[in-house]
Amino acid sequence: MLRTIKCLAIFSLMLSVGVMACKPKEDTQAPTQKPTAQTAKESQPKPQSTEQEKNNMGKTFEEPKTSQVEAGKKYSAILKTDKGEINIDLFADKAPLGVTNFIQLAKGGFYDGLNFHRVVPNFVVQGGDPQGNGTGGPGYTVPAEIGPKHIKGAVAWARTGDEVNPEQRSSGSQFYITLEATPFLDGAYSVFGQTTSGMEVVEKIQMGDKIQGIEIKEE
């Protein structure tokens with residue numbers, strides 16, 4: 001009887017260790033926007049204060065309630081960084097609110113001077129946080145527009161986790177670019193663009209590198 005109990009105890013320990021070993025490391029988890037102490041206690045994240053809504057130019061931005069992109073028009077962006085330029089096609093047809101939001105922030109200078117606060121090799125580079133630590137934004141979130149896949153070079157919105165954000169609403173400003181295909185993110189994050197050139201620049205980005213500016217093109 002005692003031998004049986006010992007065997008069961010050893011087997012149980014092996015199972016628990018095995019489960020722990022299978023858990024992904026923090027750096028390989030989904031590129032969420034870190035919840036603040038405030039949002040961690042609530043079912044949905046609250047907008048930040050009006051002071052946090054102001055970027056370094058003193059401007060304020062509001063959540064786009066309707067799409068401002070024109071049907072049939074092609075939108076793209078040139079993301080200018082310390083390491084060079086990244087060209088991005090924007091998915092105006094598949095993520096009209098997300099693209100509208102990105103365009104208004106880019107044209108308004110919101111991203112100018114912000115840094116890439118998170119870089120995980122073979123996974124993502126992430127930026128667009130005015131706080132510079134993964135907790136900030138423009139003071140609002142954007143409705144989920146989930147559809148396009150996370151192939152290499154995909155550009156998507158970060159967000160807080162499902163436990164505080166069951167509607168999977170996107171961050172108002174934080175975005176990431178995938179360094180490799182990440183199909184395990186499909187169906188959970190809103191991809192709103194795709195890198196078309198400059199992937200070698202994306203791969204050179206290090207934590208702390210800055211966004212010099214974003215130029216929007218319309219055709």
Q | Summed side-chain charge close to Ala77 - residues other than Ala77 whose Cβ falls under 9 Å, Lys, Arg +1, Asp, Glu -1 | A | -1
(Q) In whole Å, what are the extents of region 73-219 along the principal axes defined by its C-alpha atoms, from largest to smallest? (A) 36, 34, 30
Q: Please work out the FRET efficiency for the pair Ser67 and Met199, using the Cβ-Cβ distance as r and a Förster radius of 35 Å; give the result to the nearest 0.05.
A: 0.80
Q: Could you pull out every residue, at least 5 positions away or on a different chain, whose amide H is within less than 5 Å of the one on Val124? Hs are placed 1.01 Å off N in the peptide plane, and Pro or chain starts have none.
A: Leu179
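Laboratory data are not the source of any read-out in this text; all were calculated from the coordinates shown. Everything quoted here is computed from the prediction, not taken from an experiment. Backbone-built Cβ (ideal geometry, glycine too); neighbour counts: all protein chains shown.
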